[in-house]
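Reviewing the structure listed below.
Every number here is computed from the coordinates shown, using simple stated rules; none is lab data. Predicted model, so just to flag it, every value in this text is computed and none were measured. Note: ideal-geometry Cβ built from the backbone for every residue, glycine included; neighbour counts use all protein chains shown.
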């Protein structure tokens, strides 16, 4: 009996959605945040790369709120609101989020939500929408977790931007505070299972973006400005220079009542009462001065007040840990990822020592394993490229060089900096890069103001030269003991650009490199045959080596055979072509045309088997077709094992070796699912397992790449994937007896 295959998710890279209120941290120790259409959750103080995701909605998640324990809530209950006009209810059981309810009734995107536990009626949820209403929801069936709307509060032409539940002092009367676009805070109290307007608090001069409440003795306090229960105005906190998106009460190290505010001025401010109870003063200011990071959307304190977790305008996370002995804050390690569609990924070609990813967020990121003591976990280790155009594709030429393409006509190639290489070796606990590799490189790289090219920085450069170069964020060497923070990733892990390649007439679409690194192939967007040619570049001198012409529309994917003798091209024109190395030049040897084509829609992807015996093409027509060499000629023909899947095939790759004497192929679909199949030369496809949208991806899978090395006695079979859902994921596939 053959061993079974099992799979586990070993790494998720994903940022927070770019809107306020999409992050929350509750007493159970879990942080949950919205990422594209789904939810991600983890425990920051037990950070081992164990970030989990679930598919939650069909639209962007706009708000995430744990039910407050301060309101006698259940700490394992979560409410999320989405642009798909619905909200959802989740329970955390055995470290797993499970959907237990869907709130359907709004006619526009739901932007804000909050939940509380009422002793009389149980869980009660409020949702605010762009349809200018607030809806109140309760359970109707405890056994089946059914929810119904029991009340709709009309806001006229306005809408709620922030909400919070609280109880009136010394009562069990539940109240709802709503911050609105009319510059007021509207307070509603519950009476006879209805919410009635209690008062409207006036004082702000613009939209009320955040409300939070806490109980201090017998007093309930609320933040927008600061109000005491009884509706007496207490204080105004002045100190930020831009919009404030978040305010939160917390007890610093479980002792001193404090407020943390997050602003678009790139700072967090921690406020505490001075000697006079009426005066609140600034105690600490965290964040950046200058730099190219952006302001903060939200900040949440740890349950014990020992840490702060914030995310910026682009969804990047920042953490600070409180040092009680010194009375200061220091930066901490947290998760992160791309904040737009991830377009392509590629492993370091020799051993898979790291993974590169490119995204429409205009960055190239490098992911690798951090080794600390006897534990290893994946983190973002570098950001080699921060560009001005949306990134589209990437191809490593060798361990020290990669080429990338963006929505521009230029291909750019990069090599690592000395400071990055030394930190990489130290953090990964390896000597992957030799001293010869390191000493030949510049010290670092920086981007000139308004520039797109990473300029090399050398140790011999003087401060006067730095000033004349007008560099906005000049590189400074760092010596890391743990993976870099967001500030260091942006500024101090860039790779110098070594060459620009000009030759295409339109935006670059696909890149691939031969296994020996000698040839780089590229294609661009094309509506005519003259622009659909693939250019081959000689990487020894970065000159054009050859042009491959056959297709009439964009070549969507390029794949070199493992021995470098063949180049496979697939296109929007629904055909593929194969060029073979004949006396040093690549000549067209096999192809399909309008008469012989089997695919009826655009071909998105292709991949070779590890032994180059066949290749597979995947198309929007939902078919995966295996092509092998004909017995009577050198041409490749379709085999009799065509696979019909449930949705468009957008990504495919095959394992670098046979597993249990079978070929292993992983398919990515347009709906985010991933399917792992095995087959042999004499048998048809066998589905081993299907990765749902929660375990796989929530949206279109853009690329799948198996790690180039595999030794079943040492390491599991490793595969990476990326998606339109902004995430990069790494899986380990193991044989189980």
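Could you give the length gained on full extension between residue 236 and residue 527, defined as 0.36 nm per residue of separation minus the Cα-Cα distance, in nm? Don't skip to the end; give the middle numbers.
Numbers: separation 291, 0.36 × 291 = 104.76 nm, distance 5.99 nm.
Going from the current span to full extension adds 98.8 nm.
Would you mind giving the three semi-axes, in whole Å and largest first, of the ellipsoid equivalent to the range 663-737 according to its Cα gyration tensor? All intermediate terms of the calculation are to be shown ahead of the outcome.
Working: eigenvalues 93, 50, 22 Å².
They are 22, 16, 11 Å, listed largest first.
Arranged from highest to lowest average of other beta-carbon atoms within 10 Å per residue, in what order do the peptides 566-574, 372-380 appear?
Working: 566-574: 23.3, 372-380: 14.4.
Result, highest mean first: 566-574, 372-380.
Using 0.36 nm times the number of residues separating residue 328 and residue 639, minus their current alpha carbon distance, what extension gain do you get?
Details: separation 311, 0.36 × 311 = 111.96 nm, distance 6.67 nm.
Taking 0.36 nm per residue and subtracting the Cα distance, the gain is 105.3 nm.
May I ask you to derive the FRET efficiency for residue 450 and residue 196 from their Cβ-Cβ distance with R0 = 60 Å, giving the value to the nearest 0.05? It would help to have the intermediate numbers written out before the result.
Values: r = 56 Å, r/R0 = 0.94.
After rounding to 0.05, the efficiency reads 0.60.
Test of understanding: ordering 393, 175 by Cβ neighbours within 10 Å, fewest first, what list do you get?
Numbers: 393 24, 175 21.
Final ranking by Cβ density, sparse to dense: 175, 393.
In square nanometres, what is the average projected area of the Cα convex hull of the range 20-213? Kindly include the intermediate steps, with their values, before the conclusion.
Numbers: hull surface 44.5 nm².
Over all viewing directions, the range 20-213 projects a mean Cα-hull area of 11.1 nm².
Output the relative contact order of the range 237-338, whole-number percent, from Cα pairs under 8 angstrom with separation of 6+ residues. Don't skip to the end; give the middle numbers.
Working: 221 pairs, mean separation 20.9, N = 102.
Contact order relative to length: 20 percent.
Distance from the Cα centre of the range 477-519 to that of the range 544-561, in angstrom?
Between the Cα centre of the range 477-519 and that of the range 544-561, the gap is 23 Å.
With the cut-off at 21 Å, report for the range 9-119 the share of all Cα pairs above it, as a whole percent.
Numbers: 1862 of 6105 pairs.
Here the tail beyond 21 Å accounts for 30 percent of pairs.
Once the cut-off is 13 Å, how many percent of the Cα-Cα pairs in the range 557-612 end up in the long-distance tail? The partial results should precede the final answer.
Values: 919 of 1540 pairs.
Taking all Cα-Cα pairs of the range 557-612, the fraction more than 13 Å apart is 60 percent.
How far apart, in nm, are the 7 Å Cα→Cβ label points at residue 593 and residue 660?
So the two model labels end up 4.4 nm from each other.
So, in Å, what gap is there between the alpha-carbon centers of the range 587-641 and the range 142-208?
61 Å
How would you rank 500-510, 518-528, 79-89, highest first, on the average number of other Cβ atoms within 10 Å across their residues?
Numbers: 500-510: 17.9, 518-528: 21.1, 79-89: 24.3.
Ranked by mean Cβ neighbours within 10 Å, highest first: 79-89, 518-528, 500-510.
Between residue 735 and residue 173, what is the label-point separation in nm under the 7 Å Cα-to-beta-carbon projection?
Once both label points are built, they end up 7.1 nm from each other.
Pull out the extension gain between residue 107 and residue 498, defined as 0.36 nm times the separation in residues minus the alpha carbon to alpha carbon distance; nm, one decimal. Walk me through the numbers on the way to the answer.
Details: separation 391, 0.36 × 391 = 140.76 nm, distance 5.26 nm.
Here the answer is 135.5 nm.
What spacing in nm lies between the two simple spin-label points modelled at residue 98 and residue 157, each 7 Å away from Cα in the Cβ direction?
4.7 nm
Which log10 I(q)/I(0) values, to two decimals, does the range 237-338 give at q = 0.14, 0.15, 0.18 Å⁻¹ under the Debye formula with one point per Cα?
Result of the Debye calculation: -0.50, -0.58, -0.83.
Among 192, 361, which comes first, then next, by fewest other beta-carbon atoms within 10 Å?
On the way: 192 5, 361 22.
Fewest-to-most ranking of 192, 361: 192, 361.
If packing is taken as the mean number of other Cβ atoms within 10 Å per residue, what is the order of 662-669, 343-350, highest first? Walk me through the intermediate numbers first.
Values: 662-669: 24.5, 343-350: 20.8.
Highest-to-lowest ranking by the protection proxy: 662-669, 343-350.
Which whole-percent values make up P(r) of the chain when all C-alpha to C-alpha distances are grouped in 20 Å steps starting at zero?
It works out to 16, 45, 30, 8, 0, in whole percents.
What ranking of 45, 636 emerges when the number of other C-beta atoms within 10 Å of each C-beta is taken as an exposure proxy, fewest first? Show your work: numbers first, answer last.
Working: 45 13, 636 21.
Arranged by neighbour count, lowest to highest, 45, 636 become 45, 636.
May I ask for the angle, rounded to the nearest 10°, between helix 418-428 and the longest principal axis of the chain, with both axes built from Cα atoms and the value confined to 0 to 90°?
80 degrees
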